[in-house]
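A quick write-up on the structure given underneath.
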Amino acid sequence: MEWDDLRFFLELARTRTLTEAARRLDVKHTTVSRRIQRLEVAVGAPLFTRTQSGHDLTRRGRNLLAEAQAIEDLFLSIDEEQTAPVQSVSGIVRVGCTEGYGVGVLPSDLAELRRQHPNLRVDLIIQPRPILLARNEADIVITIDRPERGPYLITKLYDYALRLYAAPAYLAAHAPIKRLADLRDHHFVSYIEESGPAKGMPVIWDLVQSGNPGIRSTSLFSQIAIVAAGGGIAILPSYLVKDSKDFCPVLGSEVSFQRTYWVMMPVELKRIARVQAVWQFLKRTTREQRQRLMV
């Protein structure tokens, strides 16, 4: 029995699909299948059963999983401080994030990442909902929801501020707003509640019950465009709009929310050089961005 075959076994046990295991190992799915078959011959028993939802471990497979994880831990402890040279980091890393972060923060970071790792390919996944590591939707996720438990590495990136904003033309055409109660007769732009980027995101309806119909969207940048066109008032990340003449803060700092961006990845991916390279890069850029996001 070879350690290399056990690596293939571990990836299939974790991902439950040949395609995803192959992607993580940067090989073809037929290679994964061939290695598993060879390992099953060496063990003398089937390790997986094929079901509609993927590959499930047999009883012998579950026993081998514990043994393989112990061997993996030993290899990781030996290799913990070693990092791959820049030239050797290649392959695909899928980074999932919110729309605001993916457009407002990451572009310049990803350009620099490519300069440092020219053989690396990043697939940036932006969804109008939380991206789930548990479903293998990404390798690394930048999220506003910090999970309370799970086999994940989690690091805080930044705190950022959200405030009320409206276009100057909208404010000029409507009754002045001097206190929260004045918001009651205004028009609002917000997320569709069930389609927001995180569970605890503030929405305008938390501040005021309005009789005026609002405009709701799953897209943050759609909301920003609607507010800029005079369509109403919205709670927006300050770092995205504060420097634009198209937006004016409403009620100043009286209405302000703070949220946090976290970066997380499955523990087992820390040994994969290309994923570790992106992880370390994202953490290094935190210091440069923190002050800009909190204003």
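Couple of notes before you dig in:
- The set of residues in the range 30-53 being closer than 26 Å to V93 by Cβ and surrounded by 14 or more Cβ atoms within 10 Å (Cβ to Cβ) consists of T31, V32, S33, R34, R35, I36.
- When I215, I226 are screened for being over 22 Å from A138 (Cβ atoms), touching a strand residue (DSSP E or B) at 6+ places or on another chain (Cβ under 6 Å), at pLDDT 90 or above and open to solvent by 50 Å² or more (accessible area, probe 1.4 Å), only I215 passes.
- In the range 259-294, of all residues being closer than 18 Å to L106 by Cα and not in a helix (DSSP H, G or I), the one that is modelled with the lowest pLDDT corresponds to T285.
- Screening I126, I144, I131, I140 for residues that are closer than 15 Å to G96 by Cα and open to solvent by 40 Å² or more (accessible area, probe 1.4 Å) leaves exactly one candidate, I126.
- Exactly one residue among R94, R135, R129 is under 23 Å from R24 (Cα atoms), among the basic types (K, R) and at pLDDT below 90, and that residue is R135.
- Meets criteria (surrounded by fewer than 20 Cβ atoms within 10 Å (Cβ to Cβ), touching a residue at least 12 places away in the same chain (Cβ under 8 Å) and more than 24 Å from R16 (Cα to Cα)) for L110: yes
- Checklist (1) free of Cβ contacts under 8 Å to residues at least 40 places away in the same chain; (2) over 15 Å from the mean Cα position of the chain (by Cα); (3) buried (at least 18 other Cβ atoms within 10 Å of the Cβ) applied to H117, failing item: (1)
- Some residue of the range 11-29 being in a helix (DSSP H, G or I), over 22 Å from A273 (Cα atoms) and open to solvent by 50 Å² or more (accessible area, probe 1.4 Å): no
- Within the range 162-201, the set of residues being modelled with pLDDT of 80 or more, within 18 Å of L240 (Cβ to Cβ) and surrounded by fewer than 17 Cβ atoms within 10 Å (Cβ to Cβ) comprises just one member, P168.
- E72 being closer than 29 Å to R16 by Cα, among the charged types (D, E, K, R), modelled with pLDDT under 90 and surrounded by 13 or more Cβ atoms within 10 Å (Cβ to Cβ): yes
- The range 30-53: number of residues that are in a loop (DSSP other than H, G, I, E, B) and of a type in the set (S, T, N, Q): 2
- Residues in the range 231-254 that are open to solvent by 30 Å² or more (accessible area, probe 1.4 Å) and either touching a residue at least 12 places away in the same chain (Cβ under 8 Å) or closer than 17 Å to L180 by Cβ (or both): L240, K242, S244, K245, D246, C248, P249, G252, S253, E254.
The values are calculated or read from the model by the stated rules, or taken from the named source; none is laboratory data. Computed from a predicted model, the values in this text were never measured in an experiment. We place every Cβ from the backbone using ideal geometry, glycine too, and count neighbours over all the protein chains shown. Just the protein is used for accessible areas: all its heavy atoms, side chains included, with ligands, DNA and RNA removed. Shrake-Rupley method; radii C 1.70, N 1.55, O 1.52, S 1.80 Å.
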